[in-house]
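Undergrad: Right, I'll just put the structure down here and ask away after.
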Amino acid sequence: MKLLDVEIEENVKIANDIFLLSFESEYLAENFKPGNFVNILIDKESIYPLLRRPFSISFVEGKRVYIGYKLVGKGTKLLSQKSKGEAIDILGPLGNSFLTDTFDGKVAVIGGGVGIFPLLGLCKELKNRGNKVDVFLGFRDLNSMFLVERFEDICDNTLIATDDGCRGYKGSVVELFKANVSKEEYKVVFCCGPKPMLKAIKNLNLPVKCYASLEEKMACGIGACLCCSIKGKDDKMYHACSDGPVFDIMEVEIE
Amino acid sequence: MNLEVEIAGIKLKNPVIAASGTFGFGREYSKLIDISEFGAICTKGITLKKRNGNPQPRLCEVYAGIINSVGLENPGVEAFINDELPFLKGFDTKIIANINGFTKEEFVELTRILTSLVDMIEVNLSCPNVKEGGMVFGKDPKKVYEITKSVKNVASCPIIVKLTPNVTDITQLAIAAEDAGADAISLINTVSAMAIDIETRKPLIKMVTGGLSGPAIKPIAVRMVYECFKKVRIPIIGMGGIMNYKDAIEFFIAGATAIQIGTVNFINPKAVCEIKEGIEAYLERKGFSSIKELVSSINI
Ligand SMILES: Cc1cc2nc3c(=O)[nH]c(=O)nc-3n(C[C@H](O)[C@H](O)[C@H](O)COP(=O)(O)OP(=O)(O)OC[C@H]3O[C@@H](n4cnc5c(N)ncnc54)[C@H](O)[C@@H]3O)c2cc1C
Ligand SMILES: Cc1cc2nc3c(=O)[nH]c(=O)nc-3n(C[C@H](O)[C@H](O)[C@H](O)COP(=O)(O)O)c2cc1C
Ligand code: FES
């Protein structure tokens, strides 16, 4: 992890309220592992927003690092107003990775909303390692869909669920996954998305290992402030920023 | 320029201290900066037994500050001594252990255990995020006196008493600490605060209220340092919302001998270096020959 000053290459709207930002950083690109995130200081002089904002590294192409984000509040609004050539202060790469082992075989990857972003880098790496990858993506509607073609390019199967049924399965991505999981023999499952989605996946009690990337409000992003604690089994405390963000879904409480 | 300061006979090579709870046990930040840059490092609050702290969410951001309710999550004193202290001792900086008890006896016990192992002990009588001990003691001058006195009885290292701003008159606490033999006081801990999500009408912190830190509390902290300086002779360590060297200078002028930096570490891990350089340049620019001359140099 390092503090880096980078220059924005591109910061474009790719769906309703969704942006894709990129910059060049050899260091980040070389050290990136799928699941890692960065802490962006959006405006050095600002006292509101005050804290850095955590965003997953979505994927990397050569030296170019991509981050996708959704407009939520003040910080992401300010970020969306930055244009090519402007500098941003980045701390990263932070956190652990989805991939600690090699999985030889077929893998399921499930994402919902902005939780989809970090999964693109994951799918790329899974394919590089020779796995078969089925990805399940959940969106609200047509206007909130993003990066689908990129997943289609990489993955063996890209299955879509939308709340309004405008594309793919009508309903939740977890239901879509459930309908398929009985037919397939996945070796491992990876997921990232809103807490209710992750909870639903946990409740499936899958017979294989399932790893989820979790979000908590973060101040330091490196394990010092203890703001982002997550309760684990046997009274163990984990920190989303430094022990995570990726956890074995059965080892942690998802509230 | 000599930035050295002295607190109860302990020499700090510079007056910038990492504030408790914002720097862990130094391990994480040591990967980003040379933590020997600090005059001293104040550890995450330590209790006798391991604590898990409060439920999530524990953090929210407000205008110019953050509210936290971590609730003293820590591995307990034994794990601190075995797993963290040896690492911290590897750096050229002083170590201050921040201790938290739920009874007077616990404060005494922690002091007994730690007194010969660290350079100083900061007795936290001001944590707003626990139901017993902490701020509950720290709001009552009699309790501050009683606990400080008991701790001093078993201490061989200097004792700093950390005060809460959540009272009508902080100087009474400062006086009580001094009367009981405290070697220094530090102020301020976080300010009791609350924020509400107007869409869900839920508090943004699970515990409903938490402690506010960051730039929002700086003017309150400066005022309290100023008031306490007029009432006590022991050194004051000032903190609350210091983001840069200018903020730090204000605290010295108001009467602080040293300062702690907390929330800014999360935003700018290099703040310690920038603040030190800034203080040095300021002293030179203003013709001071040491930082001591700046302390309580207010022009009224
Ligand atoms: C490890 C991690 C990875 C993330 N990756 C992405 C990503 O790839 N794309 C994306 O769009 N979003 C991601 N998020 C969520 C993103 O951090 C928040 O949406 C963002 O901080 C909101 O900032 P804001 O100022 O616009 O919102 P505000 O509501 O104004 O934020 C207020 C405060 O809450 C914090 N905050 C708000 N929402 C979250 C949240 N969900 N998680 C953590 N802190 C939050 C902010 O940092 C800030 O301190 C990630 C969060 C974490 C913890
Ligand atoms: C996340 C967090 C955890 C804290 N934990 C402690 C603690 O364990 N013990 C303590 O005495 N103060 C604790 N504090 C208070 C700080 O040491 C400091 O008094 C306060 O944050 C004001 O300074 P600042 O505005 O520079 O952050 C904590 C503050 C924060 C933000
Ligand atoms: S954000 Fe500070 S410990 Fe995780």
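Undergrad: Determine, at each q value in 0.06, 0.09, 0.12, 0.13 (inverse angstroms), the log₁₀ of I(q)/I(0) that the Debye formula gives when each Cα of the protein assembly as shown is one equal point scatterer.
TA: Reported log10 I(q)/I(0), two decimals: -0.32, -0.69, -1.10, -1.24.
Undergrad: Let me ask something else about it. Filter the cross-link list B:Lys44/B:Lys152; A:Lys132/A:Lys178; B:Lys89/B:Lys143 down to pairs whose alpha-carbon distance in this structure exceeds 24 Å.
TA: Distance filter (> 24 Å) returns B:Lys89/B:Lys143.
Undergrad: Let me ask something else about it. How many square angstrom of accessible surface are buried between A and B, both sides summed, with a 1.4 Å probe and rounding to 100?
TA: Buried surface at the A/B interface: approximately 2500 Å².
Undergrad: Something else now. Got a sec? Which residues of segment B:64-81 lose 30 Å² or more of accessible surface with every protein chain in place, vs. that chain alone, 1.4 Å probe?
TA: Buried on complex formation: B:Ala64, B:Val70, B:Glu73.
Undergrad: With heavy atoms of protein chains only and a 1.4 Å probe, what residues of segment B:223-269 have at least 20 Å² less accessible area in the full set of chains than alone?
TA: B:Phe266, B:Ile267, B:Pro269
Undergrad: What pairs from B:Lys162/B:Lys231; B:Lys230/B:Lys292; B:Lys246/B:Lys286; B:Lys11/B:Lys276 go past 20 Å between their alpha carbons?
TA: Exceeds cut-off: none, every pair is within range.
Undergrad: While we're on this one: Under 30 Å Cα to Cα from A:Lys84, which lysines show up? Leave out anything in the same chain fewer than 8 places away.
TA: Cα-Cα hits under 30 Å: A:Lys2, A:Lys13, A:Lys33, A:Lys44, A:Lys63, A:Lys70, A:Lys74, A:Lys124, A:Lys217, B:Lys270.
Undergrad: Given the convex hull over the Cα atoms of chain B, what projected area results after averaging over all orientations, in nm²?
TA: 14.7
Undergrad: How much mean residue ellipticity at 222 nm does chain A get from its helices, if each DSSP H run of length 4 or more adds -39500 (n - 2.57) and you divide by all residues, to the nearest 500 deg cm²/dmol?
TA: Mean residue ellipticity, 222 nm, calculated: -5500 deg cm²/dmol.
Undergrad: Further, regarding this structure: Starting from a Cα-only point model with no solvent, please compute log10 I(q)/I(0) by Debye for segment A:2-94 at q = 0.15, 0.16, 0.18 1/Å.
TA: -0.50, -0.58, -0.74
Undergrad: Let me ask something else. Calculate what fraction, in whole %, of the accessible area of the protein assembly as shown sits on carbon and sulfur atoms when a 1.4 Å probe is rolled over the protein chains.
TA: Percent of accessible area from carbon and sulfur atoms in the protein assembly as shown: 48.
Undergrad: Quick one, what does Rg over Rh come out to for segment B:34-169 if you take C-alpha atoms and the Kirkwood Rh?
TA: Rounded to two decimals, Rg/Rh equals 0.97.
Undergrad: Per residue Cα convex hull volume for segment A:138-207, in cubic angstrom?
TA: Hull volume normalised by residue count: 97 Å³.
Undergrad: Whole number please: convex hull volume per residue of the Cα set in segment B:44-122, in Å³?
TA: Convex hull of Cα atoms, per residue: 121 Å³.
Undergrad: Can you tell me the convex hull volume per residue for segment A:214-254, based on C-alpha atoms, in Å³ to the nearest whole number?
TA: 57
Undergrad: Right, here's the next one. Using a 1.4 angstrom probe, figure out how much accessible area chain A has per residue, in square angstrom, rounded to the nearest whole.
TA: I get 43 Å² per residue for this part.
Undergrad: Related question: Can you work out the accessible area per residue across segment B:34-102, with the rest of the protein chains kept in place, probe 1.4 Å, in square angstrom?
TA: 33
Undergrad: Out of the trypsin sites (Lys or Arg not before Pro) in segment A:132-195, which ones are loop residues according to DSSP with at most 12 other C-beta atoms within 10 Å?
TA: A:Lys183
Undergrad: Let me ask you something else. Rounded to a whole number, what is D in µm²/s for segment B:187-298 from Stokes-Einstein with the Kirkwood radius over alpha-carbon pairs (4 °C, 1.567 mPa s)?
TA: In µm²/s, the coefficient rounds to 86.
Undergrad: Residues of segment B:15-54 that become at least 40 Å² less accessible with every protein chain present than in their own chain isolated, using 1.4 Å: which are they?
TA: Going by heavy-atom accessible area, the residues of segment B:15-54 that drop by at least 40 Å² are B:Glu28, B:Leu32, B:Asn52.
Undergrad: I would also like to ask the following. When averaged across all projection directions, what area in nm² does the alpha-carbon convex hull of chain A cover?
TA: The Cα convex hull of chain A, projected and averaged over all directions, gives 13.1 nm².
Undergrad: Which value at 222 nm does chain B reach when only helices count, each DSSP H run of 4 or more adding -39,500 (n - 2.57), with the total divided by all residues and rounded to the nearest 500 deg cm²/dmol?
TA: -8500 deg cm²/dmol
The values are calculated or read from the model by the stated rules, or taken from the named source; none is laboratory data. Predicted model, so just to flag it, every value in this text is computed and none were measured. Cβ atoms come from the backbone with ideal geometry, glycine included; neighbour counts cover every protein chain shown. Accessible surface areas use protein heavy atoms only, side chains included; no ligands, DNA or RNA. Shrake-Rupley method; radii C 1.70, N 1.55, O 1.52, S 1.80 Å.
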